[in-house]
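Structure first, commentary second.
The values are calculated or read from the model by the stated rules, or taken from the named source; none is laboratory data. Note that the structure is predicted; figures quoted are calculated from it, not measured. For neighbour counting, all protein chains shown are included, and Cβ atoms are generated from backbone atoms with ideal geometry for every residue, glycine included.
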């Protein structure tokens, strides 16, 4: 981090500024002129606050504010193992219904996506819904149905947790998902930092890539190193798709961080016809895997049926995505 | 809500569609042609799911999906009384530090903003911070200092709650604030719907006006009618201000809902020089009040000092805003 | 502008970098350490290109890249005189129909807005329309009708020019307007830089405040100093209003530049009910005037009728805005 | 298009509304109840204006407002032939420098990109630059150098035109490019509608997919059917990449329109490291080709060097993209 100070400041201001900076615990070097160079744990500093200090003209950060998530200090890819999946190493497909609706539904879908190559089963039991009047999931019962379907098919399960008080209900769930709306629910993140289980952290549709990595940092700083990131589209002025999948964000996350990066083309698409192109694009941009909504009868889904693939569509997409990733890895 | 169906559908599809719609509990009228008109509790329906049903060509919602928050069924303004403030009726100023830092700091600021006309004292104790490494507030101790400063100056206090498990610590806090990052933390909203206290609900920087009203609906549906909305800027491509204050959103909220609407110009501005113009603009657009960050020594603030006004700047702004609202109310 | 260079570069790279920088015509100082400070006409440098040079670690611009538009070198407000209006000094109202439709229409509206206090008459003759199939204005005939209505009422006229080849048709038009879609039509801007007439330059809904000032710089650099800026809303994810009026942008433009700044609440609002709140908000944020669409029979307007005020609504708004600006100027 | 009218309107209002609609030239059917169905050339209607008519409650458009660009009436893909390229049929690579800088530069790059598989040569001579002070291209001389390099390598050339008055200078240019900033320069589009040459129309970073197709409609309606679309990233709150490449937009354009769709990953990326992932993602999402900036010595480029690939990087990317598209086409 370096600071350009005002040209004609008094000795008192200059002295006060340097003292104030030293008090934050960083090392302050003064190579000459109006420049100060800060070294050490500069991630603890708030650049915007520094800019306000008397005598400061400009501040520029040179290192990323997420030391644990950054690739700089951890060049090799983190691999999160769940069941047979090696997320971050082998390309990984997660599939299942938006919401668990019944035992038959989730088991039938689980069998079909497993046959098509999915390595994890997803299914929502606590669904954050924009409106309090639409179906919010089966809760604890939904989790139970999901875990049973997982056991029957041998697939580890992923489900979204929306409150630290639900933790005990998630005992048999293999991966704890944090949804886009809770990406900056820092109390939840802190609690997940104390867990042993992998956390799948989805990017908020209103957050930057840097903010996603800072949210991951909350979990990592708590001691849980098994964090999986997931890009699911950001909110823009374009309303044709439900959100704008940020494929550059996928590439930037892989570049800046050692953590595995998935993509969720279903929520970004918002309608079935766009799911396959977005899935292929995310894989081509370097995603380590995909999380896709699949339903056996989308037109009867209790939530988000519009964006769910049928089991047959998923199987076809899985084949294409796997061929594509095989090609790109061999070409590298 | 009305639905345009496909032109050449079979009788079976037509029949199935009408049955499916009736099952949701709404009334289905068929005035003729390809049109179906749904009446009743259409806010329980998910328009996007309906569009997926076989035989459906287009869906159009005619009523707002937030029956309790909507002005339609509740034409008169809701007034939330806190201390001497009548929020929604008289113009209301809330002021105080971003974060409570010490007893001296918060008491000194409280005295000065009270003298300048503030009716409530704000101060953060649990601060959601983008980075886990920056100052996150004094927690329970901060709440205590805030409440003490409130008692000493006779000002009711507002502070942000970030987790339902903190509720017992907020016993003496008069207004529970939900921050932008938790606007769609639905578990928290549900819990606040069961409280007696007023809730100040800030708009997420990634949420639409409709979504803010749907978030309010969670609290109202729980039985707590004392909800105060707050616009604080949305995220756009413009980075000169920290967020883009949506003054049209303020006017739209007043038009669509009976709930009081405040604005927070400090977080939208992100730098001191923009706070006053945004405060005046929000008041001119029809806000029922303002929440403003004030610090006695902004350059020493532990968080967000860049956007805090000094006590003197606040006093001057308070005078201008009050003159402006007096004029506009008399001119109406 | 200052540059932080790589720590361990060879003498050859260091030498090449400094030579390359000097070749651009700026002065390069080396106060010590890894820092280089550039002075002189740094606005001619492209910061992004500099960052790519071998040996460069970071680049920070300290001065604005629009020397002629910046307030730094021109602290007093520019005042553009048109007829009796002193734009940039006295608050100014511009009103009229979106499009000139007939002699009766524009003359009738001109009389009424003049009586209500408007100082300039607006009216489109060459209308940039998103679709080639909707009404695009009366062209040369429309300009003639507009100018005649201006002469009859003593109001100077403003109309949008969309192509340099139209210039001869605008001989009697007092102010040349550049619309949002042409803000970066640099050939048009260059041509307008060679004219004597004032230019009203509207911000593109996709452009930043800095880019608007850089577009103004094209006109100023050509020798035409009579540039009036106009904020009209930017495009965001919020679709309730047609665009999001950036009131912070108005304040930032006044802060950064000496040029007059108007606001167009009509295009930002997109529906009548939001025009007055946005107009008042813009005035409160410090705009030097407003440009408002007025129609005598909005429901029959050939374009944008939804956002036009009736003449009576305009008269009432004009009174309120003038009272508000009088108050704020006296309070200052 | 259908219209829901107010429930309790007078016969006079109902009559006036139906007459007004018929006057627009469309057919008005009244299947019953409050619904009116409009058929015929509804693309000539402005939906927003209709909503304002007395008696209208809601308007819903059922067909796209770009009849010539829409796939509905033209199911087969349009193929634009230029030299040996069949754009819209075979995957197509366009490459070359951002700006033509010298004969040696453009010829050397042309040879290398040709050898690597590019089918067209790009190069800017009239560069729209945000600032009037940065390099704006060599103009007529640049075009000449570009065309010469094209002839020497047998590559047809593409270059950006920014003003109708430049047309005569573009006589030897094979494809006329409209840049993002001029996408809604309708006078330019109209002029290009009268040309015989293919037009490469780039999406504005502030425009929706629908608006891009409406801009294309201007050219098509003028009689020029050889329009090639190009997605190059939209402006969002994320600033890590220069723009957010809208891969869903690529898929949506292919779905909604018969026109060929290219992508420009260079401008979206804004830095070299992101170009390859974005190029692969665009191809995977279904783009018909790519336009990529290549420079022999990017660090010396006079504009946009940061985002240019070296010739070697381009050759490697070309191989990967071609293998990917071959795979996806065979898998289809």
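State the number of residues belonging to region D:143-169 that are assigned to a helix (DSSP H, G or I) and over 19 Å from the mean Cα position of the chain (by Cα).
So the answer is 16.
So which residues in region C:20-36 are within 13 Å of residue C:2 (Cα to Cα) and either at pLDDT 85 or above or not in a loop (DSSP other than H, G, I, E, B) (or both), if there are any at all?
Result: C:21, C:26, C:27, C:28, C:29, C:30, C:31, C:32, C:35, C:36.
Tally up the residues in region C:37-48 that are at pLDDT below 85 and farther than 25 Å from residue A:3 by Cβ, please.
0
Mind listing just one residue for me: the one in region B:271-304 that is surrounded by fewer than 24 Cβ atoms within 10 Å (Cβ to Cβ) and more than 12 Å from chain C (Cβ to nearest Cβ) and, of those, nearest to the chain's Cα centre (by Cα)?
B:303
Taking the stated definitions as given, is residue A:232 modelled with pLDDT of 95 or more, in contact with a strand residue (DSSP E or B) (Cβ under 6 Å, 6 or more places away or on another chain), more than 9 Å from every other protein chain (Cβ to nearest Cβ) and farther than 30 Å from residue D:209 by Cβ?
So residue A:232 does not fit the description; no.
Could you list, in sequence order, all residues of region A:37-48 that are part of a loop (DSSP other than H, G, I, E, B) and exposed (fewer than 15 other Cβ atoms within 10 Å of the Cβ)?
A:40, A:41 - these are the residues of region A:37-48 that are part of a loop (DSSP other than H, G, I, E, B) and exposed (fewer than 15 other Cβ atoms within 10 Å of the Cβ).
Find the residue count for region D:186-202, including only residues that are in contact (Cβ under 8 Å) with a residue 24 or more places away in the chain, within 14 Å of chain C (Cβ to nearest Cβ) and touching a helix residue (DSSP H, G or I) at 6+ places or on another chain (Cβ under 7 Å). Break it down stepwise before answering.
Taking region D:186-202 as the starting set, the residues that turn out to be in contact (Cβ under 8 Å) with a residue 24 or more places away in the chain are D:186, D:188-202.
This time we only want the ones that are within 14 Å of chain C (Cβ to nearest Cβ), so: D:186, D:188-194, D:201-202.
Okay, now just the ones that are also touching a helix residue (DSSP H, G or I) at 6+ places or on another chain (Cβ under 7 Å), so D:186, D:188-193, D:201-202.
Of the residues in that region, 9 qualify.
Hey, residue A:139 hits all of (1) in contact with a helix residue (DSSP H, G or I) (Cβ under 9 Å, 6 or more places away or on another chain); (2) touching a residue at least 40 places away in the same chain (Cβ under 8 Å); (3) within 14 Å of chain B (Cβ to nearest Cβ) but one; which does it fall short on?
(2)
Quickly run through region A:270-311 and pick out the residues that are out of contact with any strand residue (DSSP E or B) (no Cβ under 9 Å at 6 or more places or on another chain), under 18 Å from residue A:235 (Cα atoms) and modelled with pLDDT of 95 or more.
Across region A:270-311, the qualifying residue is only A:274.
With (1) out of contact with any strand residue (DSSP E or B) (no Cβ under 8 Å at 6 or more places or on another chain); (2) within 18 Å of residue C:254 (Cβ to Cβ) as the list, and residue C:79 as the residue in question, which single condition is left unmet?
(1)
Hey, can you tell me all the residues within region A:151-185 that are in contact (Cβ under 8 Å) with a residue 40 or more places away in the chain and within 21 Å of residue B:161 (Cβ to Cβ)?
Matches in region A:151-185: A:166, A:179, A:181, A:182.
Could you list, in sequence order, the residues of region D:115-136 that are modelled with pLDDT of 95 or more and surrounded by 21 or more Cβ atoms within 10 Å (Cβ to Cβ)?
Across region D:115-136, the qualifying residues are D:118, D:119, D:120, D:121, D:122, D:123, D:124, D:125, D:126.
Of the residues D:123, D:73, D:88, only one is assigned by TED's automatic domain parsing to the domain that holds residue D:214 and closer than 30 Å to residue D:44 by Cβ; which?
Every option except D:88 fails the conditions.
Residue B:246 versus (1) more than 12 Å from chain A (Cβ to nearest Cβ); (2) over 30 Å from residue C:210 (Cβ atoms); (3) in contact with a strand residue (DSSP E or B) (Cβ under 6 Å, 6 or more places away or on another chain): which is the lone unmet condition?
(2)
Which of the residues belonging to region A:1-19 are closer than 17 Å to residue C:57 by Cβ and either in a strand (DSSP E or B) or more than 14 Å from chain C (Cβ to nearest Cβ) (or both)?
Residues satisfying the conditions are A:2, A:3, A:4.
Restrict the check to region A:121-132 and report whether at least one residue is touching a helix residue (DSSP H, G or I) at 6+ places or on another chain (Cβ under 7 Å), farther than 30 Å from residue B:25 by Cβ and more than 14 Å from chain B (Cβ to nearest Cβ).
yes
Identify all residues within region C:305-316 that are crowded, with 24+ Cβ neighbours inside 10 Å and either under 18 Å from the mean Cα position of the chain (by Cα) or more than 10 Å from every other protein chain (Cβ to nearest Cβ) (or both); write none if there are none.
C:309, C:314, listed by residue number.
Identify the residue in region A:150-182 that is within 11 Å of chain B (Cβ to nearest Cβ) and within 20 Å of residue A:99 (Cβ to Cβ) and, among all such residues, is surrounded by the fewest Cβ atoms within 10 Å (Cβ to Cβ).
Of everything passing the filter in region A:150-182, A:166 is surrounded by the fewest Cβ atoms within 10 Å (Cβ to Cβ).
Does residue B:146 count as within 18 Å of residue B:289 (Cα to Cα), touching a strand residue (DSSP E or B) at 6+ places or on another chain (Cβ under 8 Å) and in contact (Cβ under 8 Å) with a residue 24 or more places away in the chain?
no
Among the numbered conditions (1) over 25 Å from the mean Cα position of the chain (by Cα); (2) assigned to a loop (DSSP other than H, G, I, E, B), tell me where residue A:51 comes up short.
With (1) over 25 Å from the mean Cα position of the chain (by Cα); (2) assigned to a loop (DSSP other than H, G, I, E, B) applied to residue A:51, the lone miss is (2).
Considering each residue of region D:36-57, count those that are under 19 Å from residue C:302 (Cα atoms), in contact (Cβ under 8 Å) with a residue 40 or more places away in the chain and within 14 Å of chain B (Cβ to nearest Cβ), and give that number.
So the answer is 4.
Looking only at region B:203-222, count how many residues are without any contact (Cβ under 8 Å) to a residue 40 or more places away in the chain and either away from chain A (no Cβ under 12 Å) or part of a strand (DSSP E or B) (or both).
0
Could you list all residues from region A:291-304 that are out of contact with any helix residue (DSSP H, G or I) (no Cβ under 6 Å at 6 or more places or on another chain) and in a helix (DSSP H, G or I)?
A:300
Can you tell me which residue is nearest to residue A:72 (Cα to Cα) among those in region A:251-267 that are within 7 Å of chain D (Cβ to nearest Cβ) and crowded, with 24+ Cβ neighbours inside 10 Å? Lay out the reasoning, then the answer.
Initially, region A:251-267 is screened for residues within 7 Å of chain D (Cβ to nearest Cβ), giving A:251-252, A:255.
Next, only the ones that are crowded, with 24+ Cβ neighbours inside 10 Å stay: A:251-252.
Numbers: A:251: 16, A:252: 13 Å.
It comes out as A:252.
Given the residues B:33, B:25, which is the only one that is touching a helix residue (DSSP H, G or I) at 6+ places or on another chain (Cβ under 9 Å), outside the structural domain of residue B:154 (by TED's automatic domain parsing) and either surrounded by fewer than 20 Cβ atoms within 10 Å (Cβ to Cβ) or free of Cβ contacts under 8 Å to residues at least 24 places away in the same chain (or both)? It would help to see each step written out before you state the result.
Working: B:33 fails: touching a helix residue (DSSP H, G or I) at 6+ places or on another chain (Cβ under 9 Å).
Checking each option against the conditions leaves just B:25.
Filter region B:50-67 down to the residues that are closer than 18 Å to residue B:40 by Cβ and out of contact with any strand residue (DSSP E or B) (no Cβ under 9 Å at 6 or more places or on another chain) and list them by number.
If the condition is that a residue be closer than 18 Å to residue B:40 by Cβ and out of contact with any strand residue (DSSP E or B) (no Cβ under 9 Å at 6 or more places or on another chain), then B:65, B:67 are the ones that fit.
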